[in-house]
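Everything on this sheet refers to the single structure shown next.
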Amino acid sequence: MNELQAFILGLIQGLTEYLPVSSSGHLTIASTLFGLDGEQNLTFTVAVHVATVLSTLVVLWKEIVWILRGLFRWDGRMNAEQRYALAIVVSMIPVGIVGLFFKDYVEAIFGSGLFIVGCCLLLTAALLIFSYYARPRQKEEISLGDAFVIGLAQAAAVLPGLSRSGSTIATGLLLGNKKERLAQFSFLMVIPPILGEALLDVMKAMKHGTEAATAGIGLWPLVIGFLTAFVSGCLACKWMIGIVRRGKLVYFGVYCAIVGLLLIILG
């Protein structure tokens, strides 16, 4: 992987992590076009995912501070901040199970070609379009039950081509949650799982050595990809929150359907 490829892949990750078009799917497409193997793609994907998590911390720092301030305050009953934090914890359960017991299987899927990506993009398109036309009763807050179902959508979105933000936001909309709350919840709920994944990879790198961990990529391409994903992720996160509030997800559904069909035909 050279510096230009790292820049392009980092830009793709930063933009598509928050837009409901599947960052993993687009990284798989670009990596295939660049001729990068699965191991390089997986290592680089972890790095740029951490970069976009940091961009979430920057953009949503007010919401994070709000949660932390109320998390350890006890007034005799659970407050709004503690309920919100508990909902995030509940949403992490499905993806945690997938990460613990099905990690090798998921990694194998990332090298299974563009046909799988195309099929998952079609599923993303169906979710986005269906959630746009559905009009369920609006709820005031995200319940623990809804958080778990949204977490199931996040767990399913480990598949390349199935958008994490698209799946979680569309699922939340279909459950009747307000779109104003869903974008922030969707972006915050991914922080602990990705940081946990990153910690495991750092421990693995320490065990095998930094040189082995970056073999086939190089340190500078990894740094360039990381910084590019972080900056573009900050911009895309702000943009996506506005898009969800305006309810314009259907256009991304059309885009996913077109790209998915092309990949299936060409694959």
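The values are calculated or read from the model by the stated rules, or taken from the named source; none is laboratory data. Predicted model, so just to flag it, every value in this text is computed and none were measured. Note: ideal-geometry Cβ built from the backbone for every residue, glycine included; neighbour counts use all protein chains shown.
Computed values, structure above
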item: Given (1) modelled with pLDDT of 85 or more; (2) touching a Gly at 6+ places or on another chain (Cβ under 9 Å), number of the condition LEU114 does not satisfy; result: (1)
item: Condition check for GLN5: more than 19 Å from LEU182 (Cβ to Cβ) and either surrounded by fewer than 18 Cβ atoms within 10 Å (Cβ to Cβ) or of a type in the set (A, V, I, L, M, F, W, C) (or both); result: no
item: Elements of type helices (runs of 4 or more DSSP H) in region 1-92, at least 2 residues being modelled with pLDDT under 85 and of a type in the set (A, V, I, L, M); result: 23-34, 38-59
item: Subset tally (residues that are within 24 Å of LEU19 (Cβ to Cβ), of a type in the set (A, V, I, L, M, F, W, C) and modelled with pLDDT of 80 or more) for region 181-222; result: 9
item: Odd one out for LYS178 among (1) modelled with pLDDT of 85 or more; (2) of a type in the set (Lys, Arg); (3) touching a strand residue (DSSP E or B) at 6+ places or on another chain (Cβ under 8 Å); result: (1)
item: Residue in region 222-267 that is farthest from SER131 (Cα to Cα), counting only those that are of a type in the set (Gly, Ala, Ser) and under 17 Å from the mean Cα position of the chain (by Cα); result: GLY225
item: Complete set of residues in region 3-36 that are within 18 Å of LEU114 (Cβ to Cβ) and aliphatic (A, V, I, L, M); result: ILE8, LEU9, ILE12, VAL21, LEU27, ILE29, ALA30, LEU33, LEU36
item: Pairs where the first residue, in region 177-189, is closer than 17 Å to ALA134 by Cα and the second is in a loop (DSSP other than H, G, I, E, B) and of a type outside the set (Gly, Ala, Ser), C-beta under 7 Å, 6+ apart; result: ASN177/ILE142; LYS178/GLN138
